[in-house]
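Trainee: Structure provided below as structure tokens; questions to follow.
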């Protein structure tokens, strides 16, 4: 087979695989649709219903709003985000829960597709193929998680960074939805993307302003109280804490991992530094699940790009 023919066959197979992949998600989606509950969207919807005020952090108020949304209690979930993220979903709170849930799924599916089209560091065909069969992304879509939105923010920021750094920083600030997964992002920005820091800080300030406007001056204290609730116990699937190691050994491994991540961020290229920051943030988090591992998708793609470029960073990748 000649190289052009081989290329056409490879492209056709890749496109067919990407086209079939969404159908693999349909059973999971319809299973979730039939239950209408159990995912992150339920507390988001309930919190948006309860705004303004601190009731978004009161367990009984959240549970009552969830019961009203579902017509009965199936899952008890607390809201553990900044008030700004409940405020951003306030329009969906004016829809019946079933309709809002469908819109939420559509928004996240579009975000996943947007990541494929916007991500700048790999050929689009390669990005699409990786995303189509990346299990954590499928789990995020079927489990009501907002991780696909975080992937889109990362991709948009990387696309805008060279020419519109302030806008890129603004978009990247939206990753504050899950700050525990981005522990090394500020270090990465300081070392490799300093031009993004003003926009990043401005975006963070805007989220704080929205939060205080939506929930009043005591929301940080109320959120801290929710995070201490036994229902929000530390757990994980893709982090060191999930290994169940003795505390001293876990601390030692965490310190070694943090040191390795900092070395990669300080000494290697900006792309491998971003991959290291994303991977280390997930591994060191105390609360993570399979859908959160979707944040490894950019790291995998960046490692593939480094390997294909033949650079020395491929060893680190």
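Since every read-out is calculated from the coordinates, none of them should be taken as a lab result. A quick note: this is a predicted structure, and the numbers were derived from the prediction, not measured. Here the Cβ positions follow ideal geometry from the backbone for every residue, glycine too, while neighbour counts run over all protein chains shown.
Trainee: What is the log10 of I(q)/I(0) for the stretch 120-186, computed with the Debye formula using one identical point scatterer on each Cα and no solvent, at q = 0.11 Å⁻¹?
Mentor: Cα-only, vacuum Debye calculation for the stretch 120-186: -0.30.
Trainee: Give the peptides 107-116, 273-282, 150-159 in descending order of average Cβ contacts within 10 Å, highest first. Please report the intermediate quantities before stating the final value.
Mentor: Numbers: 107-116: 19.1, 273-282: 25.3, 150-159: 23.3.
Order by mean packing, descending: 273-282, 150-159, 107-116.
Trainee: Continuing with this model, one more query. Does the stretch 266-308 classify as rounded, prolate or oblate by the C-alpha gyration tensor (a ≥ b ≥ c root eigenvalues; a/c under 1.5 gives rounded; else a/b over b/c gives prolate, otherwise oblate)?
Mentor: Because a/c hits 1.5 or more and a/b fails to exceed b/c, the stretch 266-308 counts as oblate.
Trainee: Which of the peptides 130-140, 41-51, 209-219 is most tightly packed, and how do the rest follow, going by the mean number of other Cβ atoms within 10 Å of each residue?
Mentor: Ranked by mean Cβ neighbours within 10 Å, highest first: 41-51, 130-140, 209-219.
Trainee: Given points 7 Å out from each Cα along the Cα-Cβ axis, report the residue 125 to residue 166 separation in nanometres with one decimal.
Mentor: The two pseudo-label positions are separated by 4.0 nm.
Trainee: Suppose we look only past 24 Å in the calculated P(r) of the stretch 140-233. What percent of the Cα-Cα pairs does that tail hold?
Mentor: Numbers: 1350 of 4371 pairs.
Considering the stretch 140-233, 31 percent of its Cα-Cα pairs are separated by more than 24 Å.
Trainee: Evaluate the distance, in nm, between pseudo-label points positioned 7 Å from the Cα of residue 94 and of residue 229 along their respective Cα→Cβ axes.
Mentor: Roughly 2.7 nm, to one decimal.
Trainee: Follow-up. Between residue 102 and residue 190, how many nm apart are label points set 7 Å from Cα along the C-beta direction?
Mentor: For residue 102 paired with residue 190, the spin-label model returns 4.8 nm.
Trainee: I'd like the distance between the alpha-carbon centres of the stretch 124-148 and the stretch 203-231, rounded to an integer number of Å.
Mentor: Value for the Cα centre distance between the two parts: 29 Å.
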